[in-house]
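Have a look at the structure below before the remarks.
The values are calculated or read from the model by the stated rules, or taken from the named source; none is laboratory data. This is a predicted model, so every value here is computed, not measured. FYI the Cβ positions are ideal-geometry reconstructions off the backbone, even for glycines, and counts take in every protein chain you see. Note: areas computed on protein heavy atoms with side chains; ligands, DNA, RNA excluded. Shrake-Rupley method; radii C 1.70, N 1.55, O 1.52, S 1.80 Å.
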Amino acid sequence: MSDGPIEWDAESYDEISGPQLSWGMEVLGRLELRGDETALDAGCGSGRVTEELAGRLSDGRVIAVDGSAAMIEKARERLGGRAEYLVADLAQLRIEQPVDLVFSTATFHWIPDHDRLFESLRSALRPGGRLVAQCGGEGNIREHAEAAAAVAALPEYEPYLGDAGELWNYAGPGLTEERLRRAGFAEASCWLEPRPVVPEDPLRFTMTATLGAHLARLPERLRRPFAQAVLDRSRAPITLEYVRLNIEARVSA
Ligand SMILES: C[S@@+](CC[C@H](N)C(=O)[O-])C[C@H]1O[C@@H](n2cnc3c(N)ncnc32)[C@H](O)[C@@H]1O
């Protein structure tokens, strides 16, 4: 996997991320809040879910963190003074005041080292603080991932992607609970949920939302052909079999 965050097409992500917004709303729906907490949105993207989180924290604060400067700009455009903003790698987070809640959706599977990620997030939480998150989990978009691996092995792509290894980190619930406890969380509960998606515009959707780490390694001229070749290996209508990993954990008080 890549070692650090990549840049995203924030304009396109903002437009095509209907599925991610609906999953984010589900996670927010099960989140109990008083309304005065300080929450960190870890991997806020263009801020669509962050905006909903901020709406639940009328007496609190939201710190929107993302590794992509373009995403942070888009989130700032959307939320203005309703949040604070930070461009940072979540695996190496340094914040001044510990927060009550780390919230995150559709992000952790982009980060290669979950031990390091969870240690970093735990150190951002106050005693008794919570981590409530969802990301791609074990088995996520399996056929699409197999197609991407097969296309990456073709001679025109292999020089750029041959040594890339796994570009997504789709962990299972048992291993994730183990890692959370190892990182110092006292309670940890994780579970998987299927959430299939039939994208309206599969090429735009996959180039923006699923294949970014592959495309970032390719020269511009090969990006669209790579994504198209991946899609050509799937039956129409293209269905991305998303599997979400839900994460709830708490630091001891
Ligand atoms: C699919 S978007 C999710 C955005 C938003 N949470 C949502 O649900 O729509 C994933 C986000 O994670 C960010 N990201 C990936 N790896 C990161 C890292 N190591 N540190 C910080 N942000 C990262 C990307 O820049 C991107 O904005």
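Once you have the alpha carbon radius of gyration of the range 120-206, what is it after dividing by 2.2 N^0.38 Å, with N set to its residue count?
1.43
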**Report entry** Rounded accessible area of residue 163 (nearest 10 Å², 1.4 Å probe)
**Finding:** 130
Query - Rel. contact order, % - alpha carbon contacts under 8 angstrom, at least six apart, the chain - result: 22
Report summary line: To the nearest 20 debye, the range 141-227 has a Cα-centred charge dipole, built from +1 on Lys and Arg Cβ and -1 on Asp and Glu Cβ, of 200
Query raised in the report: Which whole number of Å³ per residue matches the convex hull of the alpha-carbon atoms in the chain?
Result: 112
Requested in this report: Roll a 1.4 angstrom probe over the protein heavy atoms and tell me the percent of accessible area of the chain that is carbon or sulfur.
Outcome: 46
Report summary line: At q = 0.17, 0.23, 0.27 Å⁻¹, the log10 of I(q)/I(0) for the range 42-88 from a Debye sum over equal Cα scatterers comes to -0.37, -0.67, -0.91
Report summary line: Shape descriptors of the range 5-79 over alpha-carbon atoms, Rg and Dmax in angstrom, are 12.1, 35
Query raised in the report: In whole Å, how far is the Cα centre of the range 91-110 from that of the range 112-178?
Result: 16
**Report entry** Residues of the chain: accessible area per residue with a 1.4 Å probe, Å²
**Finding:** 45
